[in-house]
Amino acid sequence: MDTVEPHTGYPPAGILRRLAAMFYDALLLLAVLLVAIALALILSQGTFTYHNPFFRTLVFLLCFLFFVWFWLHGGQTLGMRTWRMRLQRIDGGPVSLWQAVLRFMLAIPCLALGGLGFFWMLVDRDRLTLYDRLSGSAMVVLPKT
């Protein structure tokens, strides 16, 4: 694949910026999950446990919907917006539903394996993570407005 910058005019996002955005998004997602789990506990009258398949499905779906919705609606989560980053196709266009789903599903094992798929960007010529490269997406830094 070609480098990101010539196609879009925006430089690829670096590792510290990405980690900062991930931290912001983790805090927001944690708040969403806490509210949803509290509601599920109320509705189940306290019988809702971690071992319940519905619990795990709920957590997975909320994480999935959180990221995919933001990526499809402007290419930015709130953490990405704060750190002036955007997810886009390699050619600069908005990511498709397929790319967003693929990126999310690939990010799970890439991050779970000690972050190897994330730290791939340190050796990638275009500074793409493994899940960026495989999904045809790129994280770029937007100019100051």
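A compact table of results
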read-out: Count of the stretch 71-92 residues which are on the phi < 0 side of the Ramachandran plot, open to solvent by less than 40 Å² (accessible area, probe 1.4 Å) and modelled with pLDDT of 95 or more; value: 8
read-out: All positions within the stretch 89-124 that are out of contact with any strand residue (DSSP E or B) (no Cβ under 6 Å at 6 or more places or on another chain) and of a type in the set (S, T, N, Q); value: Ser96
read-out: Check on Gly46, of a type in the set (Gly, Ala, Ser) and farther than 21 Å from Lys144 by Cβ; value: yes
read-out: Check on Gly114, free of Cβ contacts under 8 Å to residues at least 60 places away in the same chain, small (Gly, Ala, Ser) and open to solvent by less than 30 Å² (accessible area, probe 1.4 Å); value: no
read-out: Pairs, first farther than 26 Å from Val140 by Cα in the stretch 12-39, second of a type in the set (A, V, I, L, M, F, W, C) and in a loop (DSSP other than H, G, I, E, B), C-beta under 9 Å, six or more apart; value: Ile37/Phe48
read-out: Number of positions in the stretch 4-63 that are open to solvent by 70 Å² or more (accessible area, probe 1.4 Å) and charged (D, E, K, R); value: 2
read-out: Residues being within 20 Å of Leu16 (Cβ to Cβ) and either of a type in the set (Gly, Ala, Ser) or not in a loop (DSSP other than H, G, I, E, B) (or both) - total across the stretch 89-132; value: 15
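The values are calculated or read from the model by the stated rules, or taken from the named source; none is laboratory data. Just so we're clear, the structure is a prediction, and the values are computed from it rather than from any experiment. Positions of Cβ are generated from backbone atoms using ideal geometry, with glycine treated the same way; all protein chains shown enter the neighbour counts. Remember, those area values only see protein heavy atoms, side chains included, never the ligands or the DNA or RNA. Shrake-Rupley method; radii C 1.70, N 1.55, O 1.52, S 1.80 Å.
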